[in-house]
1. Quick one: count up the residues across the stretch 52-107 that are acidic (D, E) and in contact with a helix residue (DSSP H, G or I) (Cβ under 7 Å, 6 or more places away or on another chain).
2. Return the total of residues in the stretch 89-117 being at pLDDT below 95 and loosely packed, with under 12 Cβ neighbours inside 10 Å.
3. Please state which of the following conditions E42 fails to meet, knowing it meets all the rest: (1) farther than 25 Å from I125 by Cβ; (2) surrounded by 18 or more Cβ atoms within 10 Å (Cβ to Cβ); (3) touching a strand residue (DSSP E or B) at 6+ places or on another chain (Cβ under 7 Å).
4. Tell me yes or no: at least one residue of the stretch 122-138 is within 13 Å of the chain's Cα centre (by Cα), surrounded by 17 or more Cβ atoms within 10 Å (Cβ to Cβ) and not small (G, A, S).
5. How about the stretch 50-88: which of its residues are of a type outside the set (A, V, I, L, M, F, W, C), closer than 16 Å to S14 by Cα, touching a strand residue (DSSP E or B) at 6+ places or on another chain (Cβ under 8 Å) and surrounded by fewer than 24 Cβ atoms within 10 Å (Cβ to Cβ)?
6. How many of the residues in the stretch 93-121 are of a type in the set (K, R) and more than 14 Å from the chain's Cα centre (by Cα)?
7. Any idea how many residues of the stretch 89-142 are hydroxyl-bearing (S, T, Y) and under 16 Å from V78 (Cα atoms)?
Amino acid sequence: MGLHGIEMEKRKKSIAVIDGQGGGIGTVIIKRVREAFAEEIEVIGLGTNAMATGAMLKAGANKGASGENAIVQTVKIVDIVTGTIGILIANSMMGEVTSKMAEAVGSSPAMKCLLPLRMSEVEIIGASKEPLPHLIDHLIRRIQEIIAA
């Protein structure tokens, strides 16, 4: 019971899915989040460009926004940020991730659940070389653990 006997509604958890280029990975993540959680979680598709944002909205994101400022502002207020490891690296995704975006993601108080996809200039020692669908399975399980906590 909340204040004065009135039950307070628990705030819905929010997750920002960040992707660039065509939004393909973000789209897969959002579809899987929707399968696992239906509307239990607010999903925000953040694209480094309008094409990626549009694809994530089509996949089932509740809201979407594009560009540097949208990413910088939104990662401050969500519970979970997800995408590939590239969202932490300035100039990744063929230059679509700016240094401000990477800094905002890294500085966000949100839990960061990142996929260790290979990048030619970055090697994550100890990361599994599993295919994307398996990595997303792991991601969904981890998000379930975070939401349940």
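The values are calculated or read from the model by the stated rules, or taken from the named source; none is laboratory data. Being a predicted model, the structure only gives us computed values, none of them experimental. In this analysis, Cβ positions are derived from the backbone assuming ideal geometry, glycine residues included, and neighbour counts consider all displayed protein chains.
1. Selection size over the stretch 52-107: 1.
2. Number of matching residues: 2.
3. Single failed check for E42: (2).
4. We begin by selecting, within the stretch 122-138, every residue within 13 Å of the chain's Cα centre (by Cα); these are 136.
The next check asks that each one be surrounded by 17 or more Cβ atoms within 10 Å (Cβ to Cβ); those that pass are 136.
Filter once more, keeping what is not small (G, A, S): 136.
Yes, the conditions are met somewhere in the stretch 122-138.
5. Within the stretch 50-88, G60, N62, K63, T74, D79 qualify.
6. Our first condition is that a residue be of a type in the set (K, R); within the stretch 93-121, this holds for 100, 112, 118.
With the extra rule that they be more than 14 Å from the chain's Cα centre (by Cα), the set shrinks to 100, 118.
So the answer is 2.
7. Of the residues in the stretch 89-142, 2 are hydroxyl-bearing (S, T, Y) and under 16 Å from V78 (Cα atoms).
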